[in-house]
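The values are calculated or read from the model by the stated rules, or taken from the named source; none is laboratory data. Here the structure is a predicted model, which means the values were calculated and not measured. Quick reminder, even Gly has a Cβ in these numbers, built from the backbone with ideal geometry, and neighbours come from all protein chains shown. Ligands, DNA and RNA are excluded from the accessible area calculation, which covers all protein heavy atoms including side chains. Shrake-Rupley method; radii C 1.70, N 1.55, O 1.52, S 1.80 Å.
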Amino acid sequence: MTLLVTGGAGFIGSNFVLDWLGGSDEPVVNLDALTYAGNRQNLASLDGDPRHIFVQGDICDRDLIDRLLLAHRPRAIVHFAAESHVDRSIHGPGAFMQTNVNGTFTLLEAARGYWGALDGDEKAAFRFHHVSTDEVYGSLGPTDAPFTETHAYEPNSPYSASKAASDHLVRAWHHTYGLPVVTTNCSNNYGPFHFPEKLIPLIIVNALAGKPLPVYGDGQQVRDWLYVKDHCSAIREVLARGRLGETYNIGGWNEKPNIDIVTTVCALLDEFQPDAAGPYARLISYVKDRPGHDRRYAIDARKIERELGWRPAETFDTGIRKTVRWYLDNQPWVHNVLTGGYRDWVTQQYGAEQGT
Ligand code: NAD
Ligand code: DAU
């Protein structure tokens, strides 16, 4: 029994791998291209652990995926690898189409070939778990009901359009070829190892550096926030017991306007590490809005609760306290990310040799 995880050196993927190997001895083959968002330091606690096999490589590389599937015979693929940052997708959508669309297509085709050659119990047990986002559903008005799994797909950014395309491919590979897939659409995650281009870690690191805290537009855009370890537990449940061909929305029942997120983070920093210059909220700076900025996301997570009994363990209050604490306690990680040192760290730690 083995899992093939893609994108397992990124924010959610690395939390998933750590979580998985914290509770199971089933090995993980971790395929990650180590783009700017991939950080092997996230997985440093697994150094020397034979249950974790790290492979630096691209999900668009069909030969590599075929070789990995044949060599390791995974019973499931959990597919996190993606370009994930909306602002980057606005400045340069090409990489998003390549990884999120072509990469998912390549992985699906490789999975189809591998699964098609399995038989008996192995074939019946195989799963392709596609990790996706609530952004595929577009934007809600202030009084609209939260997204259910049957909400229309209305992606508004190059990122969400590329994720929507990948969801459609996964659906079609199930419908046409019978590939045993499950898809999860999750809201905004936060927690350890979150790259500080995204709102919460950016606010933490900028505040500690005494830099402006950029709030787009009027700061009243609403997101639903989920502690990353709750996302990991939801994926475990869906992988184990989700119905084939189904999608499951995952959310934290924590809708908050951005400005509330920023002031909450500032208040926690005031409590944990007060700044002699004054409250961190003095650094808040309203800046130009993101083009096409979605106003509100909200998740109706009743299906996964009803069918699989999953609910988040953390409230926003408990999760955000842990998160701010984690960043304060892991300043070397932050420093390596901010200086780009995390990229040299791979060579320092493992030498020039990478991969299989
Ligand atoms: P991330 O950007 O932190 O990590 C992405 C990882 O994928 C990185 O390690 C990167 O090196 C790797 N990668 C990128 N292109 C690759 C390629 N061509 N081949 C192999 N590896 C490649 O992203 P994240 O925030 O951890 O998100 C993981 C997944 O979860 C994505 O599919 C994303 O769409 C989805 N998601 C994210 C959130 C969120 O709030 N972050 C919420 C819902 C869904
Ligand atoms: O909803 C799930 C999605 O959440 C995931 O699919 C994406 O991969 C993930 O990046 C995230 O997308 P968002 O665009 O919602 O996350 P981000 O952290 O970039 O922004 C959160 C909100 O904060 C959003 O309304 C934009 C705003 N923002 C963001 C940044 C980086 C600011 O106001 N200032 C900022 O500097």
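From a point 7 Å beyond the Cα of Thr318 in the direction of its Cβ, which residues of segment 229-245 have a backbone N at a distance under 13 Å? Under cut-off, by backbone N: 229-230. On a per residue basis, segment 49-161 carries 43 Å² of accessible surface, using protein heavy atoms and a 1.4 Å probe.
Carbon and sulfur atoms: what percent of the 1.4 Å accessible area of segment 176-225 do they account for?
Roughly 55 percent of what the probe reaches on segment 176-225 is carbon or sulfur.
Excluding the sites themselves, what is the longest stretch of the chain that contains no chymotrypsin sites (Phe, Trp or Tyr not before Pro) in a DSSP loop with at most 16 other C-beta atoms within 10 Å? Result for the longest clean stretch: 154-356. The residues of segment 205-356 expose on average 48 square angstrom of accessible surface per residue, using a 1.4 Å probe on protein heavy atoms. Separation of segment 116-142 from segment 162-214 is 15 Å, based on Cα centroids. Computed from the alpha carbon positions, the gyration tensor of segment 161-271 leads to an equivalent ellipsoid with semi-axes of 34, 15, 12 Å, biggest first. Other residues with beta-carbon under 15 Å from the beta-carbon of Lys288 carry, at +1 per Lys or Arg and -1 per Asp or Glu, a net charge of -2.
Do the alpha carbons of any pairs in Lys198/Lys256; Lys123/Lys303; Lys288/Lys322; Lys163/Lys198 sit beyond 25 Å of each other, and which pairs? Table pairs above 25 Å Cα-Cα are Lys123/Lys303; Lys288/Lys322.
Placing a pseudo-label 7 Å from each Cα along the Cα-to-Cβ vector at Asp119 and Ala209 gives an inter-label distance of 5.9 nm.
Provide the FRET efficiency to the nearest 0.05 for the Ser285-Asn102 pair, computing r from the beta carbons and using R0 = 30 Å. It comes out at approximately 0.20. Surface composition of segment 235-356: carbon and sulfur make up 48 percent of the accessible area, probe 1.4 Å. Taking every DSSP beta bridge that has both ends in the chain, the antiparallel portion is near 10%. Which part of segment 190-229 falls in the paramagnetic zone of Ala44, meaning amide N under 17 Å from the point 7 Å along Cα-to-beta-carbon? Those under the cut-off are 192-196. Here each label is just a point 7 Å from Cα along the line to Cβ, and for Arg343 and Tyr177 those points are 3.4 nm apart. With the simple spin-label model, which puts each label point 7 Å out from Cα in the Cβ direction, the Glu26 to Met1 separation comes to 0.5 nm.
Principal semi-axes of the equivalent ellipsoid, √(5λ) from the alpha carbon gyration tensor of segment 194-330, are 31, 18, 11 Å from largest down. Across the accessible surface of segment 10-126, with the other protein chains kept in place and a 1.4 Å probe, carbon and sulfur atoms take up 52 percent. Normalising by residue count, the chain has a Cα convex hull of 131 Å³ per residue.
With no solvent and one point per C-alpha, what does the Debye sum give as log10 I(q)/I(0) for segment 16-124 at q = 0.13, 0.15, 0.21 Å⁻¹? Results for segment 16-124 at q = 0.13, 0.15, 0.21 Å⁻¹ read -0.56, -0.73, -1.23.
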